[in-house]
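Shown next, in structure tokens, is the structure this report addresses.
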Amino acid sequence: LIHVSSSEVYGTAQYIPVDEEHPLNPQSTYAVTKLAAERLCYTFYKEHDVPIIIVRPFNTYGPRDTHPRIIPVAISQLTRSNSLKLGDLSSSRDFTYVDDIVEGLLLTGQKPELQGEVINFGSGKDIKMLDLVRLIAELVGRDDVHIVTDPARCRPDDVKQLVADNRKARRLLNWKPKISLRDGLTKTINWYLDGNEGKWVWKNY
């Protein structure tokens, strides 16, 4: 059984890059539930020999995303106008394209001897949200972008920085991310422009 947790269980990074031994300090209800599920899985592994591996992806993105997160929100707004309403853009994240995450999960499923392990999946690089938005604007052909900070979109529990240490995944699974952020964003934007706007149910965010 592969339990898909989240890098959010680490909270704001106390050191960079974040390895699997980093202290756990979830800062949101979402992150707390992810950590609670991890604890439950680990207990079943230790007490009942249930073969479980825990993986922690770092900010997965790509086509078919269905939540109001920064990349699809920025794409949706920038394809309609030069104006953006966003939250706090000072934090940074390690964005990993969905194909790379899926490959990591498939490789994990082929390694039953790793049961009981915790493994990070991330690119090993972070980008500030403001720079991310500027890159998306460049890729959709927007030159003069006006960004408005919307207090309603600011999260008081927001993690300030996360960068994956992916050396364990490289060593145990021979996994490494293959798709750059620029290429992954291009794929995501093209999917959106190919008539899939309606599949993002929150498109008016």
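The values are calculated or read from the model by the stated rules, or taken from the named source; none is laboratory data. Quick caveat, the model's predicted, so the values are computed rather than measured. Quick reminder, even Gly has a Cβ in these numbers, built from the backbone with ideal geometry, and neighbours come from all protein chains shown. Each accessible area value is taken on the protein alone, full model and side chains, heavy atoms only, with ligands, DNA and RNA left out. Shrake-Rupley method; radii C 1.70, N 1.55, O 1.52, S 1.80 Å.
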Output for the stretch 76-117, where each listed residue is closer than 27 Å to Val148 by Cα and of a type in the set (S, T, N, Q): Ser76, Gln77, Thr79, Ser81, Asn82, Ser83, Ser90, Ser91, Ser92, Thr96
Which of the residues belonging to the stretch 3-56 are aliphatic (A, V, I, L, M), touching a residue at least 60 places away in the same chain (Cβ under 8 Å), surrounded by fewer than 19 Cβ atoms within 10 Å (Cβ to Cβ) and out of contact with any Pro (no Cβ under 9 Å at 6 or more places or on another chain)? Ile16
Does Leu139 qualify as being open to solvent by less than 40 Å² (accessible area, probe 1.4 Å) and not acidic (Asp, Glu)? no
Cβ contacts < 7 Å: first residue more than 14 Å from Arg171 (Cβ to Cβ), restricted to the stretch 109-125; second residue open to solvent by 20 Å² or more (accessible area, probe 1.4 Å) and modelled with pLDDT of 95 or more, any location; separation 6+ or different chain. Result? Gly109/Ile2; Pro112/Pro51; Gln115/Tyr45; Gln115/Pro51; Gly116/Tyr45; Ser123/Phe95; Ser123/Pro177
If a residue must be touching a strand residue (DSSP E or B) at 6+ places or on another chain (Cβ under 7 Å) and charged (D, E, K, R), how many such residues does the stretch 20-58 contain? 3
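Inside the stretch 150-168, can you point out the residues that are at pLDDT 80 or above and in contact with a strand residue (DSSP E or B) (Cβ under 7 Å, 6 or more places away or on another chain)?
Those that are at pLDDT 80 or above and in contact with a strand residue (DSSP E or B) (Cβ under 7 Å, 6 or more places away or on another chain): Gln161, Leu162, Val163, Ala164, Asp165, Asn166, Lys168.
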